[in-house]
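A.B. asks: Following this message is one structure expressed as structure tokens.
Every number here is computed from the coordinates shown, using simple stated rules; none is lab data. Being a predicted model, the structure only gives us computed values, none of them experimental. Every residue, glycine among them, receives a Cβ derived from its backbone with ideal geometry; neighbour counts consider all protein chains shown.
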Amino acid sequence: MKNTVFVHQDGSRLQVAGSFEVEPADLKPGFGTPIFALTSELKPRSFAAMQLRAQHAVKALLRSRIDRLLFICSSGEEDVLSIAAQLVKRAGGTPTVRVAPSRTELFGAKDQSSSGLCAQELILVLPAALLLDHPKFFGPLDAALASNPNLKLIVCGDGGERAEISLMWQAVNAGMHAELNAVFPAADGINTAGMLLASYSSELGLPPFTAAAVQLVCQWAVRQSGDKGWLFLPEIRLRSLVCSAAQYARGGTVSERAVLKAMAASDFHVNALASEALRSYRDRQLLIATQGAAVGQVNGLSVMETYGSSFEYGEPMRITAVLRAGGEGDVIDIERKAELAGQIHAKAMMIINGFITKEFAADQPLPVSASLVFEQSYSEIDGDSASLTGLCAVLSCLAALPIRQDLAVTGAVDQFGHVQPVGGVNEKIEGFFRVCRLRGLTGTQGVVIPETCLNQLVLRPSVVQAVEQGRFHIYTVNSVTEAIKILTTVDWGSRDQDGTVCQRIAARLTEISMSGHNDRPWWKFWGE
């Protein structure tokens, strides 16, 4: 990163202490040095082979003379029944997997004319959903485990299913427990992912992947994790991605271009709402400014999730603030008044009140009130990621300072003005970038994000290319004072420093206070 420096049209330079501009190198995660050109050169390593904790638990279950039951917990992103079967085979056992067995198949006929699976010597793998659908199976399973010392039972499901079953079946609480791991270090991620893709090629008959293609898969994986230091490998989605990429492969290998096509196709299937929103910005149905400056108006960043899928996309929105003399000296959240705000959002707006009170109303009540609204928002809003944005809009009103409209802001704040991390940073940045590109990139546009979100940045190639060319900028901040200087180009300063944001606000409050019956500044009454 480099220090934030703005070069104005007249050639003057403005440096913002404490904030930084993200450089292209900061946007490119490192995955180590590949030891292969094609994944066919690597020894395949399946997803099951990467589950060290679950492997250990399965081996312990098979060796134990006491433990008879193991629950393997997944995140819902893995084919847990198949993984459990592979783990049993790796441990030297022979699994018997049943997805939807009947009561007779499990426990035999009621007239005892035939015995079921639970009376045999075997390792039985069952889905947790089956037991939740048939709670009457719990009693017979207890009896089978008690009477048949050669029966081992592995139940597979997610955390919610385990919690549900534990309320109805005490044997789960007394049994063994293991969790599947889908998060792996990114330090040598290209070789880790390469061996996994080699196993898919061997298992599914796919062509080998190039090192560049594997690196792109790693970028996809760190984006899923939300941290450049870790790969999140959701097995089901990853397997679907690599199979789709293999369909676009040419020349007997899966190249980077084939993986890009697979990713684009996956997005295209579910991005209808995102495309519709972009058309609304193009047709000026959703109003957003990407140039100029305005008092009390700032571009916020939000993340939208489409129903029925995990696809998320970013949308910029106008957040505006206005002042009025009198009132209780607080910030009125219109979203909350209209019952369109969630509890976390309401808390964030109260924190804005807390910061303003700390800075300007520790001695006397504020002589003004402000109202804050998310313009053209017609559904419920929640989260605290717009608290920095809202606070900057209110401070702009108080200081009568215009805010740059070519920048968008995201971040949470505390009552002391420290900027805290938020989620969905990649989608938010890309959402504002798309609107700026639609309107025309000027070279000054960009976003302001918390510095603590730097490790989350794994942006699409179009955004990275624009940053490399200096047509789009990403600034990181640690406090609201740094953010307000970037947005207004004016120092925060203090009440005694002429021209600073703090002095302008104090002077404005004094002017409003003295316009009534007071003949002295509002903040000088304390202690008299």
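A.B. asks: Ranked highest first by the average count of other Cβ atoms within 10 Å around their residues, in what order do 75-88, 280-293, 383-396 fall?
C.D. replies: 383-396, 75-88, 280-293
A.B. asks: Taking a label point 7 Å from the Cα of R282 along the Cα→Cβ vector, which residues of the stretch 437-452 have an amide N closer than 19 Å to it?
C.D. replies: 437-442
A.B. asks: Ranking E427, E105, E179 by Cβ neighbours within 10 Å, fewest first, what do you get?
C.D. replies: In order of increasing Cβ crowding within 10 Å: E105, E179, E427.
A.B. asks: Quick one: length gained pulling A294 to A37 fully straight, 0.36 nm per residue minus the C-alpha distance?
C.D. replies: Additional length available on full extension: 87.2 nm.
A.B. asks: How far apart, in nm, are two points set 7 Å out from the Cα along the Cα-to-Cβ line at T357 and at R45?
C.D. replies: That separation, rounded to one decimal, is 5.4 nm.
A.B. asks: How long are the semi-axes of the equivalent ellipsoid of the stretch 52-179, taking √(5λ) for every eigenvalue λ of the Cα gyration tensor, in whole Å from largest down?
C.D. replies: 21, 17, 14
A.B. asks: Turning to a different aspect of this structure: Arrange the peptides 471-480, 208-217 so that the one whose residues have, on average, the most other Cβ atoms within 10 Å appears first.
C.D. replies: 208-217, 471-480
A.B. asks: Continuing with this model, one more query. Distance in nm between label sites at S202 and A325, each 7 Å beyond Cα in the beta-carbon direction?
C.D. replies: A separation of 8.0 nm, rounded to one decimal place.
A.B. asks: Here's something else I'd like to know. For the stretch 52-179, what is the number of Lys pairs with C-alpha distance below 25 angstrom, counting only pairs 8 or more positions apart or on separate chains?
C.D. replies: Taking the stretch 52-179 as the scope, the lysine pair count is 6.
A.B. asks: While we're looking at this one, here's another question. If you stretched the chain out fully between A400 and S310, how much longer would it get, using 0.36 nm times the residue separation minus the C-alpha to C-alpha distance?
C.D. replies: Length gained, A400 through S310: 28.3 nm.
A.B. asks: Okay, next question. Just going by the charge dipole of the chain, with Lys and Arg at +1 and Asp and Glu at -1 on Cβ, which of G417, L238, F472 is farthest out on the positive end?
C.D. replies: Of the options given, the answer is L238.
A.B. asks: Mind checking the full-extension length gain between H269 and V99? Use 0.36 nm per residue of separation minus the Cα-Cα distance, one decimal, nm.
C.D. replies: Value of the extension gain: 58.2 nm.
A.B. asks: Further, regarding this structure: Kindly rank 493-506, 456-469 from highest to lowest mean number of other beta carbons found within 10 Å of each residue.
C.D. replies: 456-469, 493-506
A.B. asks: Three principal axis extents, largest first, for the C-alpha atoms of the chain, in Å?
C.D. replies: For the chain, the Cα extents along the three principal axes come out at 100, 57, 40 Å.
A.B. asks: On to the next question. Output wanted: per-residue J couplings in Hz (rounded whole) for the stretch 239-256, from phi through Karplus 6.51 cos²θ - 1.76 cosθ + 1.60, θ = phi - 60°, x for Gly and Pro.
C.D. replies: Taking θ as phi minus 60°, the curve returns 4, 5, 5, 5, 5, 5, 4, 5, 5, 8, 6, 10, x, x, 9, 8, 9, 4 Hz for the stretch 239-256.
A.B. asks: Follow-up. Using only C-alpha positions, report the orientation-averaged shadow area of the convex hull of the stretch 281-518, nm², one decimal.
C.D. replies: Mean shadow area of the hull around the Cα atoms is 13.4 nm².
A.B. asks: Which entries in K228/K428; K28/K485; K261/K428 show an alpha-carbon gap greater than 26 Å?
C.D. replies: From K228/K428; K28/K485; K261/K428, over 26 Å: K28/K485.
A.B. asks: For the chain, what is the calculated [θ] at 222 nm in deg cm²/dmol (nearest 500), taking -39500 (n - 2.57) for each run of four or more DSSP H residues and dividing by its residue count?
C.D. replies: The helix-only estimate for the chain comes to -12000 deg cm²/dmol at 222 nm.
A.B. asks: Please arrange K28, K428, K136, K347 by counting, for each residue, the other beta carbons lying within 10 Å of its beta carbon, fewest first.
C.D. replies: Starting with the residue having the fewest Cβ neighbours, the order is K136, K347, K28, K428.
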